[in-house]
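Here is the structure we will look at.
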Amino acid sequence: MEKILSRPKALKDFPLSYCPGCGHGIVHRLVAQAIDDLGIRERTIAVAPVGCAVFAYNYFNFDTTEAPHGRPPAVATGIKRTNPDKIVFTYQGDGDLAAIGTAETIHCANRGENITVIFINNANYGMTGGQMAPTTLLGQVTETTPFGRDPLREGYPINVCELLAGLKGTKYIERVSVCDAPNVMKAGKAIKKAFQNQVEGRGYSFIEVVSHCPVDWGKTPLEATKWVKDEMLKIFPLGIIKDETK
Amino acid sequence: MAKITVNQERCKGCGLCVNACPKKCIGFSSEINKIGYHYAVLKNEEACVGCGSCYQMCPDTCIEVYR
Ligand SMILES: Cc1ncc(C[n+]2csc(CCOP(=O)(O)OP(=O)(O)O)c2C)c(N)n1
Ligand code: SF4
Ligand code: SF4
Ligand code: SF4
Ligand SMILES: [Mg+2]
């Protein structure tokens, strides 16, 4: 027998700080696999966020810096403009990308920076214990919406992909999920495409991963992946939202 | 002929691999590992087809697949 699947080189053999069953770990592996497949590990630079992925520099086996509180798009812009030969991506949660750093997100996209953005939508602020995020579903109970999110009080969930698709600067936008094995494989292809676009100089690529946060949702990992399928995907439909790379 | 191996010390017992296996050949250990979890174990090697679904779902990249 021959080993056919194992840890990608771009992912260090280091214990992840994530809770059991957390979607972040799956996405880390997919990002690392895409970087291995494209042979770009020696020239990739990641920018990590605030949130549970704050320690991403411990996990990725390539240069990674840290720009907390929604600033990764600004820092990535600087890195890419001064090092155009490098492959630069941000890895951000929904609190970081769609609340704290909304301005950085939108203007980076609008400038059409040739970077890749990996966006983890887990419908809450995971690291801080499960507060409402812009992507929290209507009716969803969180630490700050104990009776469920009410649109009259907290507004509606933001569909970030659709919002960014309206900007001329964005070139490739796809929403994927890691709720089951077939979707994980599709997500891997989308992430690889988003890096390939940058290698070919095709402009701003954005991948939203609808992910699960079992612990703050008060669910088992299995219940959490089921909730993604049954509830989140109704509000955040999967697929290619924009493709101007052809 | 196929099989998987599980990194017993890294496994967090989340069960996503157990659920993902179409052949239902993964179960949990009776003892706990150093970080306190019942880790995943290939219970039925005969049934494993090496499809990799378990590998795809593991958040901690504990699984290797052989075929
Ligand atoms: C200025 C400031 N405000 C708030 C916080 C607390 N904080 C840490 S992580 C985080 C948000 C994390 O949520 P998200 O981006 O969705 O990441 P997740 O943990 O869900 O992956 C916040 C608000 C902080 N550290 N500093
Ligand atoms: S709090 Fe949620 S997002 Fe953060 S590590 Fe735990 S499960 Fe993952
Ligand atoms: S490789 Fe496929 S059949 Fe084998 S244990 Fe994993 S999921 Fe089950
Ligand atoms: S998916 Fe990974 S961490 Fe979870 S039980 Fe299986 S081997 Fe362990
Ligand atoms: Mg979040």
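The values are calculated or read from the model by the stated rules, or taken from the named source; none is laboratory data. Since the model is a prediction, treat every value here as computed from it, not as a measurement. In this analysis, Cβ positions are derived from the backbone assuming ideal geometry, glycine residues included, and neighbour counts consider all displayed protein chains.
Hey, which of the strands (runs of 3 or more DSSP E) in region A:1-95, taking only ones fully inside, have at least 3 residues that are within 14 Å of chain B (Cβ to nearest Cβ)? Can you show your working first?
Values: elements: A:3-5, A:44-48, A:63-66, A:87-93.
The qualifying strands (runs of 3 or more DSSP E) are A:3-5.
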Worksheet item: Of the residues that sit in region A:13-43 and are under 16 Å from A:Asn58 (Cβ atoms) and in contact with a strand residue (DSSP E or B) (Cβ under 7 Å, 6 or more places away or on another chain), which one is surrounded by the most Cβ atoms within 10 Å (Cβ to Cβ)?
Response: A:Val31
Worksheet item: For region A:96-171, which fully contained helices (runs of 4 or more DSSP H) count at least 1 residues that are surrounded by 19 or more Cβ atoms within 10 Å (Cβ to Cβ) and modelled with pLDDT of 95 or more?
Response: A:102-111, A:160-165
Item to complete: Can you give me the ranges of the strands (runs of 3 or more DSSP E) entirely in chain B with at least 1 residues that are more than 9 Å from chain A (Cβ to nearest Cβ)?
Response: B:3-6, B:26-32, B:38-42
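Condition (residue is touching a Cys at 6+ places or on another chain (Cβ under 9 Å) and within 24 Å of A:Gly126 (Cα to Cα)) applied to region A:182-200: is it met by at least one residue?
Looking only at region A:182-200, we keep the residues that are touching a Cys at 6+ places or on another chain (Cβ under 9 Å), and these are none.
Looking through region A:182-200, none of the residues is touching a Cys at 6+ places or on another chain (Cβ under 9 Å) and within 24 Å of A:Gly126 (Cα to Cα).
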Fill in: Subset of region A:187-216 (residues that are in a helix (DSSP H, G or I) and surrounded by fewer than 18 Cβ atoms within 10 Å (Cβ to Cβ))
A:Lys189, A:Val199
Practice prompt. Any chance you could count how many residues in region A:29-39 are of a type outside the set (D, E, K, R) and without any contact (Cβ under 8 Å) to a residue 40 or more places away in the chain?
Written response: 2
